[in-house]
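Chemist: Handing you a structure now.
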Amino acid sequence: MNHPPVVEWTEDDQARTARWRSENGARPPLRIVVADDRTRADDAYRLVCEGTALLWRGDFHNARQLLTALARRVDRRPRKAPPADVTQAFHLHRAAQNQRARILGMLLIPLDAQLAVPLHRAPDVREACTRAYGAPEEAELPAGASEDTASLVSLKELLGVIGANEWRRKGVEIPALGGDRIHPHYGVFSPARGEYVDLVAEAPLPGRDLAFDIGTGTGVLSAVLARRGVRRVVATDQDPRALACARENTARLGVADRVEIVEADLFPAGRAPLVVCNPPWVPAKPTSPVEHAVYDPGSRMLHGFLAGLTDHLTPGGEGWLILSDLAEHLGLRPRDALLAAFAESGLTVLDRLDIAPRHPRARDTSDPLHVARAAEVTSLWRLGAAE
């Protein structure tokens with residue numbers, strides 16, 4: 001079993017260690033000082049900007065207030081007007097997001113050996129942490145570690161873990177499923193943006209015997225296809241969290257007898273009259289597990305799907321590519337390049353269904369990428385093998 005890396009610091013004149021938890025792969029901080037309710041926000045901000053992490057030993061609610069204070073200080077930094085070039089604006093925006101996340105990720109919270117937070121007024125996070133990180137480890141703690149500080153995690157990440165667990169409990173209502181809910185797991189992209197689901201619910205089916213759902217995630221598209229009368233759906237993913245999430249959701253929705261969940265990188269074995277894929281739509285580097293559903297360097301999944309599609313379609317079958325054109329408006333992937341990829345893969349466009357975004361960012365004029373987001377359209381491309 002691979003254990004998290006170890007982080008080291010000095011506390012009460014003693015060398016201490018703990019396991020380091022970071023879902024986005026951030027390296028353990030090199031410098032850590034202890035902070036508590038007496039720590040002033042300005043002092044904390046100066047330290048984290050200098051690269052010193054703060055291990056919180058005070059009241060949990062005060063830690064949340066300090067994180068909010070740090071965020072206000074980051075956000076009130078003088079900002080230059082966004083460049084006219086939208087591609088440059090995108091890269092600057094991503095860099096600013098990463099810098100903000102790095103600074104806010106320097107406020108650390110201890111977790112004990114049972115994944116509880118040993119701080120005053122801390123919520124019970126054991127269920128949320130177990131779902132995100134797995135069951136508490138029984139392996140021996142590193143030298144210098146203690147039961148009450150077995151691991152450290154950034155408060156920002158911990159709040160994300162708590163929030164994701166609430167989403168999993170409540171679920172996301174899906175109109176295309178008659179108002180039934182999908183329950184996303186931690187690290188699995190939530191179908192809160194329902195435009196692409198609506199497209200799959202409305203496109204004319206080429207047949208009802210079999211469909212492949214490539215990169216199923218929560219399993220929402222498989223469930224929609226099964227509810228539309230497709231007798232057998234084979235859904236693939238290579239993320240263990242997504243596979244578990246899809247199995248749970250299809251069982252909860254009563255379609256598990258028609259949906260087979262398979263671990264695979266893209267396609268399962270065989271051919272189908274319908275192959276559906278909703279790949280990441282922005283060719284850029286993700287910075288956290290859930291961002292893999294949005295960002296894909298070099299559009300690896302998109303090109304892999306297109307390159308292998310004709311080998312997995314039955315004669316007369318259709319591939320449904322659901323893709324936002326945001327990358328086009330950001331200057332990251334021209335429409336001509338997408339059409340050329342269709343042709344190079346031996347595919348022809350049978351039809352295209354479009355839908356405008358409904359998410360709030362499309363109307364947020366303060367967003368530095370507002371012009372691109374306002375113009376965004378999500379399309380379902382019906383593709384067939386070229387003759």
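Chemist: Being among the acidic types (Asp, Glu) and out of contact with any Lys or Arg (no Cβ under 9 Å at 6 or more places or on another chain) narrows it down to one residue among Asp148, Asp59; which is it?
Modeler: Asp148
Chemist: Select from the stretch 138-174 the residues that are part of a loop (DSSP other than H, G, I, E, B), open to solvent by less than 50 Å² (accessible area, probe 1.4 Å) and under 15 Å from Thr17 (Cβ atoms) and list them in ascending order.
Modeler: Across the stretch 138-174, the qualifying residues are Ala139, Leu141, Pro142, Gly144, Ala145, Ala150.
Chemist: Any idea which of Leu380, Leu369, Leu321 is among the hydrophobic types (A, V, I, L, M, F, W, C), at pLDDT below 95 and within 23 Å of the chain's Cα centre (by Cα)?
Modeler: Within the list Leu380, Leu369, Leu321, the selection yields Leu369.
Chemist: Follow-up question, since we're still on this one. So, of the residues in the stretch 254-283 that are touching a Leu at 6+ places or on another chain (Cβ under 7 Å) and in a loop (DSSP other than H, G, I, E, B), which turns out to be modelled with the highest pLDDT?
Modeler: Among those residues, the one meeting the criterion is Arg271.
Chemist: How about the stretch 284-387: which strands (runs of 3 or more DSSP E) wholly inside it have at least 1 residues that are surrounded by fewer than 20 Cβ atoms within 10 Å (Cβ to Cβ), touching a helix residue (DSSP H, G or I) at 6+ places or on another chain (Cβ under 7 Å) and without any contact (Cβ under 8 Å) to a residue 40 or more places away in the chain?
Modeler: By residue number, 347-355.
Chemist: Another one. So which of Asp198, Asp180 is open to solvent by 20 Å² or more (accessible area, probe 1.4 Å) and either out of contact with any helix residue (DSSP H, G or I) (no Cβ under 7 Å at 6 or more places or on another chain) or under 20 Å from His292 (Cβ atoms) (or both)?
Modeler: On inspection, the qualifying residue turns out to be Asp180.
Residues checked against (1) touching a strand residue (DSSP E or B) at 6+ places or on another chain (Cβ under 6 Å); (2) within 13 Å of Val153 (Cβ to Cβ); (3) crowded, with 17+ Cβ neighbours inside 10 Å:
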{"residue": "Pro5", "(1), (2), (3)": "yes, yes, no"}
{"residue": "Thr17", "(1), (2), (3)": "yes, no, yes"}
{"residue": "Leu30", "(1), (2), (3)": "no, no, no"}
{"residue": "Arg38", "(1), (2), (3)": "no, no, no"}
{"residue": "Asp43", "(1), (2), (3)": "no, no, no"}
{"residue": "His91", "(1), (2), (3)": "no, no, no"}
{"residue": "Ala95", "(1), (2), (3)": "no, no, no"}
{"residue": "Leu108", "(1), (2), (3)": "yes, yes, yes"}
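Chemist: May I pose another question? Checking Gln99 against (1) surrounded by fewer than 16 Cβ atoms within 10 Å (Cβ to Cβ); (2) closer than 22 Å to Thr17 by Cα; (3) not charged (D, E, K, R), which single condition isn't satisfied?
Modeler: (2)
Chemist: Mind telling me which of the residues Ala135, Ala116, Ala122 ends up being free of Cβ contacts under 8 Å to residues at least 40 places away in the same chain, surrounded by fewer than 19 Cβ atoms within 10 Å (Cβ to Cβ), in contact with a helix residue (DSSP H, G or I) (Cβ under 9 Å, 6 or more places away or on another chain) and assigned to a loop (DSSP other than H, G, I, E, B)?
Modeler: On inspection, the qualifying residue turns out to be Ala116.
Chemist: Which of (1) over 25 Å from Gly319 (Cβ atoms); (2) modelled with pLDDT under 95; (3) part of a helix (DSSP H, G or I) does Ala192 not meet, given it meets every other one?
Modeler: Only one criterion in (1) over 25 Å from Gly319 (Cβ atoms); (2) modelled with pLDDT under 95; (3) part of a helix (DSSP H, G or I) is unmet by Ala192, namely (3).
Chemist: Would you mind finding the one in Leu221, Leu243, Leu205 that is out of contact with any helix residue (DSSP H, G or I) (no Cβ under 7 Å at 6 or more places or on another chain) and either in a loop (DSSP other than H, G, I, E, B) or surrounded by 24 or more Cβ atoms within 10 Å (Cβ to Cβ) (or both)?
Modeler: After applying the criteria, what remains is Leu205.
Chemist: Restricting to the stretch 52-66, name every residue that is touching a residue at least 12 places away in the same chain (Cβ under 8 Å) and open to solvent by 20 Å² or more (accessible area, probe 1.4 Å).
Modeler: Arg57, His61, Asn62, Arg64
The values are calculated or read from the model by the stated rules, or taken from the named source; none is laboratory data. No experiment lies behind these values; they were computed from the predicted model shown. Every residue, glycine among them, receives a Cβ derived from its backbone with ideal geometry; neighbour counts consider all protein chains shown. Surface areas here come from the heavy atoms of the whole protein model, side chains and all, with no ligands, DNA or RNA. Shrake-Rupley method; radii C 1.70, N 1.55, O 1.52, S 1.80 Å.
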